[in-house]
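*Asks:* Structure below; questions to follow.
Values quoted throughout were computed directly from the atomic coordinates according to the rules given, and no laboratory measurement underlies them. Every value quoted in this text rests on a predicted model; they were computed, and no experiment measured them. Because the Cβ atoms are built from the backbone with ideal geometry, glycine has one as well, and the counts that use them run over all protein chains shown.
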Amino acid sequence: MRRETHGRWPLLAAAGALPVSALAIRRPALRPWAALLLHQTEEWVWPGGFLPWINREVLGSREDEFPLDRRLGFAINVVLGWGSSLAAAAGPRGAAPAALLYSSNLGNVALHVSWAARNRRYDPGVVTAVATLAPTGVAGLRSLSSDERVPRSAVWSGIAAGCAASVLLPQLLRRRVRGKARR
């Protein structure tokens with residue numbers, strides 16, 4: 001049986017999830033990346049189905065790959081997600097991208113949990129959102145805020161960017177759906 005992963009990068013995330021998670025046991029700096037890879041594996045590979053779910057169920061589209069398509073999924077998950085996860089491992093120098101990652105993790109948790117609760121059913125990503133993203137987001141923000149080497153301005157700018165992404169991106173995508181429906 002061929003599994004639709006909507007690209008090759010989800011397979012790389014799935015292949016890396018367990019080794020990175022094993023390394024993260026002894027290297028806490030890798031925990032944000034491990035959490036993200038596990039979450040992306042649930043969304044995109046097993047059981048998968050994220051693009052049809054987000055587009056149809058959350059954004060109200062009639063298409064599996066619109067308005068969120070493979071290219072935008074790659075940009076969000078790999079460029080932004082993996083990039084900010086690796087930057088978070090840089091310690092105080094990566095405070096702004098780390099704060100963006102942790103706050104957007106919590107926004108992601110809110111999306112998955114609120115939808116699952118409202119609809120009283122599973123959605124692709126809800127298990128790892130609760131099990132990995134929530135604790136990583138809370139612990140990460142707590143760690144940043146208690147580290148005196150971390151500039152407060154970097155933390156607040158990262159949090160602002162993560163919150164903006166969590167709130168504005170779904171609204172912009174819904175606007176694209178409405179715009180296409182009018183044509």
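*Asks:* Would you mind classifying the stretch 33-121 by shape? Square roots of the alpha carbon gyration tensor eigenvalues, ordered a ≥ b ≥ c; an a/c under 1.5 is rounded, otherwise it is prolate if a/b is larger than b/c and oblate if not. Intermediate values should be presented prior to the final figure.
*Replies:* Working: a/c = 2.20, a/b = 1.73, b/c = 1.27.
Taking the square roots of the gyration eigenvalues as a ≥ b ≥ c, the stretch 33-121 is prolate.
*Asks:* A follow-up question, please. Exposure proxy check: His112, His39 ranked by fewest other beta carbons within 10 Å? Could the numbers behind the result be given before it?
*Replies:* On the way: His112 26, His39 29.
Going from sparsest to densest Cβ surroundings: His112, His39.
*Asks:* Points 7 angstrom from Cα along the Cβ direction at Arg62 and Arg121: gap in nanometres?
*Replies:* It is 2.1 nm.
*Asks:* How do Asp69, Asp123 line up, fewest other C-beta atoms within 10 Å first? Intermediate values should be presented prior to the final figure.
*Replies:* On the way: Asp69 15, Asp123 22.
Listed from fewest to most nearby Cβ atoms, that is Asp69, Asp123.
*Asks:* While we're looking at this one, here's another question. Could you give each residue of the stretch 142-150 its phi-based ³J(HN,Hα) in whole Hz, using Karplus coefficients 6.51, -1.76, 1.60 with θ = phi - 60°, and x for Gly or Pro?
*Replies:* 3J(HN,Hα) across the stretch 142-150, in whole Hz: 4, 5, 4, 6, 9, 8, 5, 7, 8.
*Asks:* At 222 nm, what value in deg cm²/dmol follows for the chain if DSSP H runs of at least 4 each add -39500 (n - 2.57) and the sum is divided by all its residues, to the nearest 500?
*Replies:* Working: 7 runs with 112 residues, N = 183.
That calculation yields -20500 deg cm²/dmol at 222 nm.
*Asks:* Scan the stretch 10-101 for trypsin sites (Lys or Arg not before Pro) in coil per DSSP, keeping those whose Cβ has at most 15 other Cβ atoms within 10 Å, and list them by number.
*Replies:* Working: sites: Arg26, Arg56, Arg62, Arg70, Arg71, Arg93; in loops: Arg62.
Within the stretch 10-101, the qualifying trypsin sites (Lys or Arg not before Pro) (loop, at most 15 other Cβ atoms within 10 Å) are Arg62.
*Asks:* Moving on to the next point. Give a quick list of GluC sites (Glu not before Pro) in the stretch 33-92 that DSSP marks as loop, anything other than H, G, I, E or B, with at most 16 other Cβ atoms within 10 Å. Intermediate values should be presented prior to the final figure.
*Replies:* Working: sites: Glu42, Glu43, Glu57, Glu63, Glu65; in loops: Glu63, Glu65.
Those that pass, being in a loop and sparsely packed, are Glu63, Glu65.
*Asks:* While we're looking at this one, here's another question. Counting other C-beta atoms within 10 Å, and keeping those with at most 14, which DSSP coil trypsin sites (Lys or Arg not before Pro) do you find in the stretch 104-135? Write down the numbers at each step before the final one.
*Replies:* On the way: sites: Arg118, Arg120, Arg121; in loops: Arg120, Arg121.
Listed in order of number, the matching sites are Arg120, Arg121.
*Asks:* Anyone know which of Ser85, Ser103, Ser166 comes out most mobile in the 10 Å Cα GNM of the chain?
*Replies:* Comparing Ser85, Ser103, Ser166 in a Gaussian network model of the chain, the most mobile one is Ser166.
*Asks:* If I model a spin label at Ala160 and Val113 as a point 7 Å from the Cα along the Cα→Cβ vector, what separation in nanometres do I get?
*Replies:* 2.6
*Asks:* Let me ask something additional. Which value results for Rg/Rh of the stretch 71-153 when Rg is the Cα radius of gyration and Rh the Kirkwood radius based on the inverse mean 1/r?
*Replies:* Numbers: Rg = 13.9 Å, Rh = 13.5 Å.
A ratio of 1.03.
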